[in-house]
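One structure is given below, encoded as structure tokens.
The values are calculated or read from the model by the stated rules, or taken from the named source; none is laboratory data. As the structure is a prediction and not an experimental result, all values here were calculated from the model. Glycine also receives a Cβ, built like all others from the backbone with ideal geometry; neighbour counts cover every protein chain displayed.
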Amino acid sequence: MDRIKVALLMEEQGLVPLFFHSDIDVCKKVVKAVYDGGARLLEFTNRGVFAHEIFSELSKYVRAELPGMALGVGSVTDAATASLYMQCGASFIVTPCMRDDIAIVCNRRKVLFAPGCGSLTEIGKAEELGCEIVKLFPGSVYGAKFIKSIKGPQPWTKIMPTGGVAPTKENLKMWFDAGAVCVGMGSKLISKEIVKNNQFDELSSMVKDTLVLIANLRNAV
């Protein structure tokens, strides 16, 4: 899936769930639950030794069993790691900070790169390097007012807050009213308790409810 299709999918869906687990079987169950809930994007966070091996197996599973699902990788910090994950099938790359070298390798492969940015200067640099969507991280530190302020002089900028995002009407309304194009959501959606207790049907329901809530909030705006 090329970067334009992924960018459109992010904007259409409004939600990018993110998750990591060292057990491939657990990862498959989580991705399937998210998929069954209606989401077509998931960010696998790059954590720990041999994380790329887990992702490689998960990528093969998604391609075989979950048509239309875009599986990406987050917490990437250098071009070599980004290239490794793209070779393993990553449809998008997300980073905690702006990296020119990652933008270059992603552009070569037509893979979407969403860098973490914390200033208008960083956002402008990211857009010059071809980034369709930038990540605001940590969202809980910058807040929704940051997005609203950026959208004033740069209404074309598309921002995805991650960190401090929760699947509640109050929280999501704050971000989308401010102009967020989509939100990244981790433990508030895919909690340790849900995974530990194998509550994957509950996870599917939460994803479905969150997608409906986002759609309703956008229609209201």
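Could you tell me whether any residue of region 193-202 is within 23 Å of Ala7 (Cβ to Cβ) and either in contact with a Leu (Cβ under 6 Å, 6 or more places away or on another chain) or crowded, with 19+ Cβ neighbours inside 10 Å (or both)? It would help to see each step written out before you state the result.
Going residue by residue through region 193-202, those that are within 23 Å of Ala7 (Cβ to Cβ) are none.
Checked against the condition, which is being within 23 Å of Ala7 (Cβ to Cβ) and either in contact with a Leu (Cβ under 6 Å, 6 or more places away or on another chain) or crowded, with 19+ Cβ neighbours inside 10 Å (or both), region 193-202 yields no hits at all.
Condition check for Ala166 on (1) of a type in the set (Gly, Ala, Ser); (2) in a helix (DSSP H, G or I); (3) free of Cβ contacts under 8 Å to residues at least 24 places away in the same chain: one failure, at (2).
Against the numbered list (1) more than 25 Å from Lys29 (Cα to Cα); (2) among the aliphatic types (A, V, I, L, M); (3) in a loop (DSSP other than H, G, I, E, B), Ile102 comes up short only at (3).
In the set Lys208, Lys188, only one residue is in a helix (DSSP H, G or I) and surrounded by fewer than 18 Cβ atoms within 10 Å (Cβ to Cβ); that residue is Lys208. Of all the residues in region 95-146, those that are of a type outside the set (Gly, Ala, Ser), within 23 Å of Lys173 (Cβ to Cβ), surrounded by fewer than 19 Cβ atoms within 10 Å (Cβ to Cβ) and touching a strand residue (DSSP E or B) at 6+ places or on another chain (Cβ under 9 Å) number 2. Against the test of being within 23 Å of Val73 (Cβ to Cβ) and assigned to a helix (DSSP H, G or I), the options Ala126, Ala180 yield a single qualifying residue, Ala126. Taking every residue in region 76-94 that is over 21 Å from Tyr61 (Cβ atoms) and pairing it with any residue that is assigned to a strand (DSSP E or B), at least 6 positions away or on another chain, the pairs with Cβ-Cβ distances below 7 Å are Ala82/Ile93. Set side by side, the residues Ala7, Ala39 differ, and just one is touching a strand residue (DSSP E or B) at 6+ places or on another chain (Cβ under 7 Å), surrounded by 18 or more Cβ atoms within 10 Å (Cβ to Cβ) and part of a loop (DSSP other than H, G, I, E, B), which is Ala39. State whether one or more residues within region 151-170 are at pLDDT 95 or above, over 19 Å from the mean Cα position of the chain (by Cα) and of a type in the set (A, V, I, L, M, F, W, C). Yes, region 151-170 has at least one match.
Looking at Ile214, Ile194, just one residue is closer than 20 Å to Ile133 by Cα and out of contact with any Pro (no Cβ under 7 Å at 6 or more places or on another chain), and that residue is Ile214. For the subset of region 60-86 comprising residues that are touching a strand residue (DSSP E or B) at 6+ places or on another chain (Cβ under 6 Å) and in a helix (DSSP H, G or I), which member is nearest to Thr210 (Cα to Cα)? Only one residue fits best here, namely Val62.
Scanning region 10-29 for residues that are surrounded by 23 or more Cβ atoms within 10 Å (Cβ to Cβ) and assigned to a helix (DSSP H, G or I) gives a single hit, Met10.
If you go through region 45-73 and keep only what is more than 17 Å from Leu9 (Cα to Cα) and buried (at least 24 other Cβ atoms within 10 Å of the Cβ), you end up with just Phe55.
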